[in-house]
């Protein structure tokens, strides 16, 4: 039996809850999102657009950085949160203790990636939305 067939058989035995947990772990492990594929462009019918015109999905320009965990280095994560946000010690600790929590909202992709890198380097885990 091939490795793919073995994995497929193992997945068939999982409950829905276990399967959802597996998907989340695979998303985190490989940095991907398991969403239904969408067409990049879809034809528009009626309205102001004529037949044959194509509507292209806009690229997201604003991101929210969400702290999803702090691992075993809570103090280092709190320090980085304070540097990034300018929060006081108590507020930064409350943010870390209350995961998941938004660190910054409505920021550029570059800034979000930099924040994500800093927090991950400190031992925390982050999600960009």
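Points worth noting:
- Contact map, region 4-18: first residue at pLDDT 85 or above, second residue not in a helix (DSSP H, G or I), Cβ cut-off under 9 Å, separation 6 or more or different chains; pairs are 9/1.
- The set of residues from region 68-105 being closer than 12 Å to residue 122 by Cα and buried (at least 17 other Cβ atoms within 10 Å of the Cβ) comprises 70, 77, 78, 80, 81.
- Filter pass, residue 27 being surrounded by 12 or more Cβ atoms within 10 Å (Cβ to Cβ) and at pLDDT below 85: yes
- Selection status of residue 56, exposed (fewer than 12 other Cβ atoms within 10 Å of the Cβ) and modelled with pLDDT under 85: yes
The values are calculated or read from the model by the stated rules, or taken from the named source; none is laboratory data. Note that the coordinates shown come from a computational prediction; the quantities given were computed from them, not determined experimentally. With ideal geometry, Cβ positions are generated from the backbone for all residues, glycine too; neighbour counts draw on all protein chains shown.
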